[in-house]
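Data first, discussion second: the structure below is written as structure tokens.
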Amino acid sequence: MIAHFRLSGLYRRAGRTADAAREMEAFRHYQELKDKLSKVFKGRTAPAKQP
Amino acid sequence: MKSKTQSSPVPGLLAVLAFGLAGLCLHAQRGGPAVTSPQEPGPLPRLADITASTKLRFNHLASPDKKYIVESMSGGVALIDYDRDGWPDIYFTNAPDVGMQLAGKKARSALFHNNRDRTFTDVTDKAGVAYPCWANGAVVGDYNNDGWPDLFVTCFGGVVLYRNNGDGSFASVTREAGLAGDTMWAMGAAFGDYDGDGFQDLFVSHYAAYDLHDLPAFGSTLNCVYHTIKVQCGPAGLKGSPDSLYHNNGDGTYTDVSKAAGVEDTKNLLGLTAVWSDLDNDGKLELFVANDGAQNYLYRSDGKGHFREIGLESDVALDENGNALANMGVAAGDYLHNGYPSIAITHFSEQYLQVLRNDGGLRFTDVSNISNIARATTHVVGWGDAFFDFDNDGWLDLIAVNGHVYPQVDEANIGINYREPGQLFLNLRNGTFRDVSGQVGPALKVPRVGRGLAAGDLFNDGVLEVVVENLEGQPVIFRPEGGPPHHWITLELAGARDKLALNARVKITAGDLIQTDEVRSSGSYLSQNDLRLHFGLAAHRRADKVEIFWRSGASETLTGLDADHAYCIKEGSGVVPCGSIRPARVSPR
């Protein structure tokens, strides 16, 4: 995911906009997946006891 | 069996990739400043806590446990010269806790008049600004172009527009102005004339959809656990609210144009500080919105009332690894002398104070690490921040105040404290900073629960004070004392129509020092800096050239302004007596 994000930035700076857009699209795809997983995980009930 | 001369394709591919990336990286470095050796400054001023001597007494209310996130977010402070005497006054927001609110009790915000003798007097009741609401932030604008600075307060459950009556009092004109329909949890706000019609429009960022009668229970889900400690819930897990852009109709009313303009925030992110700025010097305003725990927005204007969100492609949305951060305070300033305002954003702990270098053309680079800021700020929760010339050497330094949101961390023995010291970073004039927090006296190192911060020359002596509102207890006023006897100049601008000259830009040349700045409504964390522009001039005894780029599109150049003076400049008229750009006081009604 990080690789796609960084590549997108590097391509953009190099003027390779099509490549930048492709990498950003890949980044967004994985970011959405990550966000969905995170919501499922963090919405769980907290442990009853504090350590 | 492979021949020994036959190479594996993998290293070859890696070599190509490495070569390609190196080439791309070289491309990426273009636009950045030439790397030079850091220039060590002379003796530093001491940052003194002068609060007690100013006779300023204010207490921000706070529940001890902060069981709900809404109790952790208030604390914006505004510098507002409400009586236009040329001496900045101070407005502190205040907020109740949930229990108080449900019981119908209010928290008193406060306005302090600058007595011009380094003391302040509480004039809140006379001014009529004590109880706007559950107040989070405050910014300054002039919605009716009468030259009297108005006060806009963002609230949990609405907004309040205070019209400055010009007689020392304010009147809420929220309903008359068409803003009473804004009933969401408002946090950031900023005045700015985005369409160039001469009237200040207004943007309001909203945080979360949050019902005091249906509160997420303390520690109830994993969203309410921090390092195994049960804490308040949020911001993760909260449903965000859309943002609002109000167009100034020129008759004292506003119209909601959020959707038509394309800034309504369809993703419903958790909006905090918002700032209008001409980030690419093209005469059109961009709008930057810091979103908590999500990507920042950067809206590019077409100058005709429509915006396109370009945060990701401008590299201001996320950190350099593509992570969304808990974006809170926003400082803008040309710390590099490259002619463009860069941005510094405060964040939660385990993140860092993010410095986004403005490379021009609405391209930014996250230089938090190479500027030496990231490493020093990953352990604190940052809020108010400002670029300000601490030692008047002509190079913007960076200050930030910190303070955690969970009081429970103090009891958990996890190496994190609720109260945290502030931080000052000295500009080394080569794109890097040095943490001098420990070298400017003990005042900044006192642990506090910092929130809002505003910088300005409170006493008109060429030294920039920093006013900090703390979530718990008294505010603090820091003042640089001692240090090298550097020169300075202050400019108070008045546009032909916009008497506060919001987003007018200035380029000032003094010998080899070339600085730029812009008049901005809003900044820091839900706060308002002095609207006057201040420039340190180091050893230069005069500003050789001052170029002003007005929002109207006009520009003018002044030459040979002596240092150590504050000048009033009227669009089209150059330097004028300050009385001529300030409205005449109105007799009390």
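The values are calculated or read from the model by the stated rules, or taken from the named source; none is laboratory data. Worth saying up front: this structure is predicted, and the values here are computed from it rather than measured. Using ideal geometry, Cβ is built from the backbone for each residue, glycine included, and neighbour counts are taken over all protein chains shown. With ligands, DNA and RNA removed, areas are computed over all heavy atoms of the protein, side chains included. Shrake-Rupley method; radii C 1.70, N 1.55, O 1.52, S 1.80 Å.
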Legend entry - Helical contribution to [θ] at 222 nm, DSSP H n ≥ 4, -39,500 (n - 2.57), averaged over chain B, rounded to 500: -2000 deg cm²/dmol
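At R0 = 35 Å, how high is the FRET efficiency between B:Arg308 and B:Asp146 if r is their beta carbon distance? Nearest 0.05 is fine.
0.55
Residues of B:315-326, mean number of Cβ from any other protein chain within 10 Å of their own Cβ, rounded to a whole number?
Mean inter-chain Cβ contacts per residue within 10 Å come to 3.
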Legend entry - Isotropically averaged projected area of the stretch A:2-42, using the convex hull of Cα atoms (one quarter of hull area), nm²: 2.6
Inset, instruction - Could you go through the stretch B:486-503 in sequence order and give the Karplus-derived ³J(HN,Hα) for each residue, using 6.51 cos²θ - 1.76 cosθ + 1.60 with θ = phi - 60°, rounded to whole Hz, and x for Gly and Pro? - result: 7, 8, 7, 8, 10, 10, 10, 9, 9, x, 5, 10, 7, 5, 9, 6, 4, 6
Legend entry - Karplus-derived 3J(HN,Hα), 6.51/-1.76/1.60, for each residue of the stretch A:20-30, Hz, glycine and proline x: 4, 5, 5, 5, 5, 4, 5, 4, 4, 4, 6
Legend entry - Amide H contacts under 5 Å for B:Asn503, placed H, 5+ residues apart: B:Val519, B:Arg520, B:Ser521
Inset, instruction - In whole angstrom, note down how far apart the Cα centers of the stretch B:432-483 and the stretch B:372-392 are. - result: 11
Inset, instruction - Set the Förster distance to 25 Å, then compute FRET efficiency between B:Ser220 and B:Gln474 from the Cβ-Cβ distance, nearest 0.05. - result: 0.15
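Excluding B:Gly322 itself, calculate the net charge of residues whose Cβ lies under 11 Å from the Cβ of B:Gly322, where each Lys or Arg counts +1 and each Asp or Glu counts -1. It would help to have the intermediate numbers written out before the result.
Values: positive: A:Arg6, A:Arg28, A:Lys34; negative: A:Glu23, B:Asp315, B:Asp319, B:Glu320, B:Asp366.
My count for the surroundings of B:Gly322 gives -2.
When the Kirkwood hydrodynamic radius is evaluated over all pairs of different C-alpha atoms of chain B, what value in angstrom, to one decimal, is obtained? Spell out each step's value before the answer.
Working: mean 1/r = 0.0416 Å⁻¹.
Evaluated over chain B, this radius sits at 24.1 Å.
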Inset, instruction - Loop only per DSSP, at most 14 neighbouring Cβ atoms within 10 Å: give me the trypsin sites (Lys or Arg not before Pro) in the stretch B:529-567, ordered by residue number. - result: B:Arg541
Inset, instruction - Hey, can you grab everything whose amide H is under 5 Å from the amide H of B:Glu481? Only 5+ residues off in sequence or another chain; H modelled, so Pro and N-termini drop out. - result: B:Arg46, B:Leu47, B:Ala48
Legend entry - Inter-part distance where the stretch B:228-305 and the stretch B:45-78 are each reduced to a Cα centre, Å: 26
Legend entry - Rounded Å value of the spacing that divides the Cα centres of the stretch B:168-221 and the stretch B:91-143: 16
Legend entry - the stretch B:151-162 - phi-based ³J(HN,Hα) in whole Hz, Karplus 6.51/-1.76/1.60, Gly and Pro as x: 10, 10, 10, 8, 10, 6, x, x, 9, 9, 9, 9
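When N counts the residues of the protein assembly as shown, how does its alpha-carbon radius of gyration compare numerically with 2.2 N^0.38 Å, as a ratio? Working shown, then result.
Numbers: Rg = 24.2 Å, N = 640, 2.2 N^0.38 = 25.6 Å.
The protein assembly as shown yields a ratio of 0.94.
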Inset, instruction - Just add up the charged neighbours of B:Ala107: K/R +1, D/E -1, any other residue whose Cβ is under 12 Å from the Cβ of B:Ala107. - result: +1
Inset, instruction - Shielding by partners for A:27-35, please: the mean number of other protein chain Cβ atoms within 10 Å of each residue's Cβ. - result: 2
Inset, instruction - Could you order B:Glu286, B:Glu309 by accessible surface area, starting with the largest, using a probe radius of 1.4 Å? - result: B:Glu309, B:Glu286
Inset, instruction - Working with all protein chains in place, sort B:Glu547, B:Glu420 by solvent-accessible area computed with a 1.4 Å probe, largest first. - result: B:Glu547, B:Glu420
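Using the structure shown, list the pairs from B:Lys67/B:Lys445; A:Lys36/B:Lys259; B:Lys66/B:Lys230; B:Lys126/B:Lys499; B:Lys106/B:Lys239 with a Cα-Cα distance above 19 Å, or answer none. All intermediate terms of the calculation are to be shown ahead of the outcome.
On the way: B:Lys67/B:Lys445 27 Å; A:Lys36/B:Lys259 27 Å; B:Lys66/B:Lys230 12 Å; B:Lys126/B:Lys499 25 Å; B:Lys106/B:Lys239 26 Å.
Checking Cα-Cα distances, B:Lys67/B:Lys445; A:Lys36/B:Lys259; B:Lys126/B:Lys499; B:Lys106/B:Lys239 exceed 19 Å.
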Inset, instruction - Show the residues, 5+ positions off or on another chain, whose built amide H is closer than 5 Å to the amide H of B:Asp81. - result: B:Asp89
Legend entry - Cα convex hull volume per residue for the stretch B:498-589 (Å³): 132
